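**Q** Submitted below is the structure of interest, expressed as structure tokens.
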């Protein structure tokens, strides 16, 4: 299971109800931030998830509406000592722009209070491997070089079939664990038990795909295919498709048609232009893909492999807000 917390869902500029692009992805004890528009740190506090462990940041591209929030966020991380280190991935243009922001503006005459590590995202590479899940990057077409989307995917697994184990007289204990990890074992009576004897068919893990901004969809089918949740921009409606093409964005209809073609389970639209009413976007996207949702700021969903997303209404402990004293207090 993954959780999606939409921190900012507007396109290019904020509106009264929508902040600039940012998405938190929660995977057990691990927390990730995809993009960091202006005002993201306040949205993090409003969401209730707090700053703890939110120190891995993936940037989709170098445009300012997706990165300017890093200035305030990194400053806060340093002043509050909430984290030991920060890791930032992105294409080279995004990394260079953020490094200029960090070292020429925020920490111009001082060493950052916490180590900040930068990594250049490369096409079709695994960027992070956690406990039973991974994060991979894939290239997308947008304005400029080295734009990326990210795939969060649980490891595939083979369920242990207890009834078959009992039929073989397999004792409870470490032998069963060894079989689950793929090891062949020998029983006391000399019989050899293979993993295939007690494991079921492979079950694919939950898959969440986040595209960032993009100008076309035909080149990302492989990355998106069979996603349990697809988070994608929908800056324009179909009536303004020509404008979308000219400025390097897609329409809600294009997002819906991509989801349908790639057998996506559930579609989340974000990066919504202020020129449209929300109901207009919903009407268009659901005409072509009914399992769609136009995300709002602070929406929080749990994504599963075997059922539709569930809206999360969670009360977080006050400690999760990281209400820590600043240095010197």
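The values are calculated or read from the model by the stated rules, or taken from the named source; none is laboratory data. From a predicted model like this one, the values you see are computed outputs, not experimental measurements. Note: ideal-geometry Cβ built from the backbone for every residue, glycine included; neighbour counts use all protein chains shown.
**Q** For the range 83-103, name all the residues that are touching a strand residue (DSSP E or B) at 6+ places or on another chain (Cβ under 7 Å) and free of Cβ contacts under 8 Å to residues at least 24 places away in the same chain.
**A** 99
**Q** Within the range 274-292, which residues are surrounded by 21 or more Cβ atoms within 10 Å (Cβ to Cβ) and closer than 24 Å to residue 24 by Cβ?
**A** Selection gives 281, 285, 292.
**Q** Name the residues in the range 209-225 that are farther than 19 Å from residue 62 by Cβ and not in a loop (DSSP other than H, G, I, E, B), would you?
**A** Listed by number, the residues that qualify are 209, 221, 222, 223, 224.
**Q** Can you give me the number of residues within the range 171-205 that are in contact with a strand residue (DSSP E or B) (Cβ under 6 Å, 6 or more places away or on another chain), in a strand (DSSP E or B) and in contact (Cβ under 8 Å) with a residue 12 or more places away in the chain?
**A** Adding up the residues that qualify gives 2.
**Q** Okay, moving on. Quick test of your reading of the structure: residue 135 fulfils all but one of (1) touching a residue at least 40 places away in the same chain (Cβ under 8 Å); (2) surrounded by fewer than 20 Cβ atoms within 10 Å (Cβ to Cβ); (3) farther than 21 Å from residue 20 by Cβ. Name the failing condition by number.
**A** That leaves (2) as the condition not met.
**Q** When the range 130-144 is examined, which residues are found to be over 15 Å from residue 211 (Cα atoms) and modelled with pLDDT of 95 or more?
**A** Correct list: 133, 134.
**Q** Of everything in the range 75-103 that's under 18 Å from residue 37 (Cα atoms) and modelled with pLDDT under 90, which residue is surrounded by the most Cβ atoms within 10 Å (Cβ to Cβ)?
**A** Looking at residues that are under 18 Å from residue 37 (Cα atoms) and modelled with pLDDT under 90, I get 77.
**Q** Scanning for something surrounded by fewer than 17 Cβ atoms within 10 Å (Cβ to Cβ), assigned to a loop (DSSP other than H, G, I, E, B) and out of contact with any helix residue (DSSP H, G or I) (no Cβ under 7 Å at 6 or more places or on another chain), does the range 230-241 turn up at least one residue?
**A** So far as the range 230-241 goes, no, none of its residues is surrounded by fewer than 17 Cβ atoms within 10 Å (Cβ to Cβ), assigned to a loop (DSSP other than H, G, I, E, B) and out of contact with any helix residue (DSSP H, G or I) (no Cβ under 7 Å at 6 or more places or on another chain).
**Q** Kindly provide the set of residues from the range 12-28 that are in contact (Cβ under 8 Å) with a residue 60 or more places away in the chain and under 18 Å from the mean Cα position of the chain (by Cα), ordered by number.
**A** Correct list: 19, 21, 23, 25, 27, 28.
**Q** Turning to a different aspect of this structure: Going by the structure shown, is residue 164 at pLDDT below 95 and in contact with a helix residue (DSSP H, G or I) (Cβ under 7 Å, 6 or more places away or on another chain)? Before the answer, list the steps.
**A** Working: at pLDDT below 95: yes; in contact with a helix residue (DSSP H, G or I) (Cβ under 7 Å, 6 or more places away or on another chain): yes.
Answer is yes for this residue.
**Q** Checking residue 122 against (1) under 18 Å from the mean Cα position of the chain (by Cα); (2) free of Cβ contacts under 8 Å to residues at least 24 places away in the same chain; (3) within 22 Å of residue 312 (Cβ to Cβ), only one condition comes out false. Which one?
**A** Among (1) under 18 Å from the mean Cα position of the chain (by Cα); (2) free of Cβ contacts under 8 Å to residues at least 24 places away in the same chain; (3) within 22 Å of residue 312 (Cβ to Cβ), the lone unmet condition for residue 122 is (3).
**Q** Sticking with this one: Considering only the range 152-170, I want to know if a residue exists there that is part of a strand (DSSP E or B), in contact (Cβ under 8 Å) with a residue 60 or more places away in the chain and surrounded by 14 or more Cβ atoms within 10 Å (Cβ to Cβ).
**A** Yes, because at least one residue in the range 152-170 is part of a strand (DSSP E or B), in contact (Cβ under 8 Å) with a residue 60 or more places away in the chain and surrounded by 14 or more Cβ atoms within 10 Å (Cβ to Cβ).
**Q** Right, another one. Could you check the range 89-125 and list, in sequence order, the residues that are under 14 Å from residue 66 (Cβ atoms) and in contact with a helix residue (DSSP H, G or I) (Cβ under 9 Å, 6 or more places away or on another chain)? Lay out the reasoning, then the answer.
**A** Residues of the range 89-125 that are under 14 Å from residue 66 (Cβ atoms), as a first pass: 89-91, 93-95, 97-98, 101, 121.
The answer is 89, 90, 94, 97, 98, 101, 121.
**Q** Say we look at the range 172-181 and pick out the residues that are touching a helix residue (DSSP H, G or I) at 6+ places or on another chain (Cβ under 9 Å) and loosely packed, with under 11 Cβ neighbours inside 10 Å; which of these is farthest from residue 195 (Cα to Cα)?
**A** 172
**Q** Now for a separate question. Among 25, 5, 34, which is the only one that is touching a helix residue (DSSP H, G or I) at 6+ places or on another chain (Cβ under 6 Å) and assigned to a strand (DSSP E or B)?
**A** 5
**Q** Being surrounded by 13 or more Cβ atoms within 10 Å (Cβ to Cβ) and either closer than 22 Å to residue 208 by Cα or at pLDDT 90 or above (or both) is the filter here, so list the residues in the range 104-119 that pass it.
**A** Once the filter is applied, which keeps residues that are surrounded by 13 or more Cβ atoms within 10 Å (Cβ to Cβ) and either closer than 22 Å to residue 208 by Cα or at pLDDT 90 or above (or both), the range 104-119 yields 116, 118, 119.
**Q** Of the residues 233, 257, which single one is touching a residue at least 12 places away in the same chain (Cβ under 8 Å), closer than 15 Å to residue 21 by Cβ and under 22 Å from the mean Cα position of the chain (by Cα)?
**A** 233
**Q** Right, next: Restricting attention to the range 37-59, and to residues there that are in contact with a helix residue (DSSP H, G or I) (Cβ under 6 Å, 6 or more places away or on another chain) and closer than 19 Å to residue 268 by Cα, which single residue is surrounded by the fewest Cβ atoms within 10 Å (Cβ to Cβ)?
**A** Only one residue fits best here, namely 37.
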